[in-house]
Structures are given as structure tokens and as C-alpha cells.
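The values are calculated or read from the model by the stated rules, or taken from the named source; none is laboratory data. Note that the structure is a prediction, hence the values are computed from the model and not measured. Counting neighbours? That spans all protein chains shown, and the Cβs are built from the backbone with ideal geometry, glycine included. Just the protein is used for accessible areas: all its heavy atoms, side chains included, with ligands, DNA and RNA removed. Shrake-Rupley method; radii C 1.70, N 1.55, O 1.52, S 1.80 Å.
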Amino acid sequence: MKNAVHFGAGNIGRGFIGLLLAQAGYQVTFVDVNETVLQELNEKGSYPVHIAGGDEEVIWVRQVRGLNSRNQEALDQAIAEAEVVTTAVGVNVLPIIGKSMAASLERIARKDPSKTLNIMACENAVGNGDILKNSVYEHLSLEGQKFCDENVGFPNTTVDRIVPENTDKSELLSVLVEPFYEWNVERSKLVGSLDEIPGMNLVDNLSAYIERKLFTLNTGHAIAAYLGYQNQQPTILDAVADPEIKEVVLGAMGETGQALVKKHGFDPDQHEAYIQKIMGRFENAALIDPVERVGRDPLRKLGPKDRLIAPARTALEYGVEPENLVKGIVAALKFDHPQDPAAVSLSTKLKENGLDGVLVDVCGLDPSEALYDRIKNAYA
Ligand SMILES: NC(=O)c1ccc[n+]([C@@H]2O[C@H](COP(=O)([O-])OP(=O)(O)OC[C@H]3O[C@@H](n4cnc5c(N)ncnc54)[C@H](O)[C@@H]3O)[C@@H](O)[C@H]2O)c1
Ligand SMILES: O=P(O)(O)OC[C@@H](O)[C@@H](O)[C@H](O)[C@H](O)CO
């Protein structure tokens, strides 16, 4: 049997990547820090994935196990035996797992120097594979780096499937996922031979795919979440049922769409169909997705390369007025959910450094650029 190691036994790990790997015939080792989840994985060895919408289908993922990422020796062995490694831990966690991965790769470099391995970061971020690679290389010796240059691939990826938190307390590992999924992997950065994984597409122009996904789905999703939160709507479904919010969300996806069509040469009709399909996914009545999950970590989402600031800047660059994107950015700045540490930190920064401080330090904006004033005026 082929082995895969997947870091992060959370929503997307269990509900998408782990599922596809298992369906492709891999025995999946989930690496996590959540002892309750790890214990359940090891006791049960399987879990159900419920496909939401229409006739609910259940797919069982079997022959899985859990491993604590702090158990370096067991991790070294698991990675040494793996044909493929994937991650879905959150982009902020990549520097932490990068250190453990580096230690495992050093060992492989010494003991099995002809091994090749592809490590795919399945996080919502532009350049996710590059970020992971840098996090690993920081901890490698020169020999380790040389080995990885030749034998280890860190392709960038896009991962698309809406997977909310599990609310079924009787079945801890159960996941509810939407029927739609798309996983694209940058072909040119793969090394050695990688068996086909049905559901994973190898693509040549990954940066266009990531901008299309992150700056359409995730932009619209985030704006629905932040406006929904402002209006006390508990879920994305409730938020987009509000005609005013739906208009802003569609408007914002339209603004990024116009810019992306110009930038990447996408077909305008196909892109419009892509936007409409995404709105249909937000309106899936079988998915209960709290606005707090989708809006989580506003500091990351307000970053210069992420789903709000980057497309608004691109829109201006291509002569598109980002009116709705700016409304979304203002709502994001006001996301003060008390249980979200990044939202609390954002509120503190706004209090201590003012809006200007946040626009410069968090959003990476320059006071001389057009977007800066647009946000300030709308916020006021
Ligand atoms: N849920 C979705 O709809 C979705 C869709 C596409 C992409 N993503 C991306 O996938 C990633 C994970 O999202 P999620 O929704 O599954 O989050 P999640 O919180 O459900 O899962 C993250 C998992 O990582 C684990 N983790 C944290 N620190 C770790 C460490 N040091 N070592 C190993 N595991 C660790 C957590 O315990 C948790 O089980 C994010 O980058 C997200 O943007 C999510
Ligand atoms: O995971 P985040 O925090 O980057 O974004 C929240 C959601 O928008 C996201 O998880 C989507 O559900 C997912 O990207 C769909 O493919």
C-alpha cells in the first residue's frame, strides 16, 4: 500500500485532501497537535464524509491513523515511508511544521538520498508552496538544501471546497462538505514520478488559478462574512439571503472579475458563470457555515497579498473602481469577534495606532496610493 502524510486533520484535511488521497489508494497518516482528534483517529481508523445537498451521500475514509507532530521520531519514519506529503494547517502554521519537516528531510538526505518526494501546501494563500519551502529551507543544512533542491518538490496549489466545522458532537471526526471541489497543483515544480490522484489537476499557470480562486470565492466569502457579522447574521447562508449584502458580494466579485479578465485574459462569460456558480455555493442551504469561521483571522485576510487588499489594488490598476471591495475592507476592519485572537488584536491595533497605523502595518498600504484614501473615506 502507498503511504501519504497529511498535516492538519481539520475540516479540509479530513473533508477533502485526506479523502482524495484515501480514494487514490493511499494509507493516510494525519499529523496534528489536537490529541482528542488524534486519539479518535487511532481508535476508529475511519471517518465519514457527508456530501451536503440533494440526496446526502456518505463516503467512509478508512485505514487512517493519527500522529502527533511533536513526535519527531515517528514523523521522520512516516515521511520516510511516504510517497506524498500534504498540508492544511493554516498558512500561519507553516513555519512551525516547516521546522519538523526539515528535520525529517535531513534524515532522508542521509539515509535514502535517491528518494524523491512532493510536498503540497494546501493553504489559502498566494505562493503557499513557496512559503512552505522557505519555512523548511530556513532549518536545513547546506547538504539538506542540496538534497531538497534535487529531490523534493514544493508546488504551489489551489484548494477549493467549502468545509465548515463539524457540528455533530456524537461523531467527532465526521465532516460535512459541499459537493463541489477543485484542487490544482503546479506541474512544473513536481519532482520524480507522482501517481495520479483522481481529483487533483496538474496545471501550468498556477498563479492565474490562485488569483481566480482566492480573489473571487474567498473575496466574496470574506465580504459576506464581515457584512453578515455587522448585521448579526449567523451564517453565510443568512448573510447572502440579505439582498443588500448579496449585492455587495456580487459587486465585489464582479470588480475583481473585471480586473482578472484584463490581467489574465480569462473569457468574460466563463468568468461570470464562475461567479454565479460561487454565489450558488454560498446559497447551499445544506451547509451551515458560521460567519466567524469564514471571517476568521482578519489580520491575515487584510494583508497586502490576501483576498481584500490585493484585488482592490489590482482593480484600480486596471481602471476598475473597487467600490464594493472597499465596503468589504471596511467591514473587515470592524470584525471584532471576541473569540478570534486576530480580531481582538486588530481592534487593539485600531485603538492604539488608529486606522492609519493599521492601513500601513497590516494592509501594507502607502498613504500616497489611491486605495488608501478610498478606504479612509469609506471608513469615516
Ligand atoms: N475549510 C475550508 O473550507 C477550506 C477550504 C480550502 C482551503 N482551506 C485551507 O485549509 C487550511 C486548513 O483549514 P481548515 O478549515 O481545515 O482549518 P482547521 O482549523 O479545521 O484545521 C487545521 C488543523 O491543523 C491543525 N494544526 C494546528 N497546528 C498544527 C501543527 N503545528 N501541526 C499539525 N497540525 C496542526 C489543527 O489542530 C487543525 O486540526 C487553511 O489554510 C485554509 O485556508 C480551508
Ligand atoms: O480558510 P480561510 O480562513 O482562508 O478562508 C475562509 C473560507 O473562505 C475558506 O475556508 C473557504 O471555505 C474555502 O477556501 C473554500 O474553498
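Summary table
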quantity	calculated
Protein accessible area in the range 224-319, 1.4 Å probe - carbon and sulfur %	51
Sum of -39500 (n - 2.57) over DSSP H runs of 4+, divided by residues of the chain (222 nm, nearest 500)	-15000 deg cm²/dmol
Formal net charge of residues neighbouring V61 (Cβ-Cβ distance under 11 Å; K, R +1; D, E -1)	+3
Inter-centroid distance (Cα atoms) of the range 96-144 relative to the range 276-299, Å	32
Where Rh is the Kirkwood radius over Cα pairs, Rg/Rh for the chain	0.97
Sequence-distant lysines (8 or more away, or on other chains) whose Cα lies within less than 27 Å of K334	K213, K246, K301, K305, K349, K351, K376
DSSP beta bridges in the chain [antiparallel fraction, %, rounded to 5]	30
In degrees, nearest ten, helix 370-379 long axis to first principal axis of the chain (Cα)	70
Calculated over the range 87-188: convex hull of Cα atoms, volume per residue (Å³)	126
Accessible area (Å², per residue) of the chain, counting only protein heavy atoms and a probe of 1.4 Å	43
Among A74, A310, A222, residue whose mean-square fluctuation peaks in a GNM of the chain (springs only between Cα atoms under 10 Å)	A74
Relative contact order (percent, whole number), the range 131-225, Cα cutoff 8 Å, 6+ residue spacing	26
Test item: Cα-centred dipole of the chain, Lys/Arg +1 and Asp/Glu -1 on Cβ, debye	600
Count of lysine pairs in the range 76-200 with Cα separation under 24 Å (8 or more residues apart, or interchain)	14
Carbon/sulfur fraction of accessible area - the range 2-203, other protein chains in place, 1.4 Å, %	46
Isotropically averaged projected area of the range 266-380, using the convex hull of Cα atoms (one quarter of hull area), nm²	8.2
Projected area, mean over directions - the range 2-203, Cα convex hull, nm²	10.5
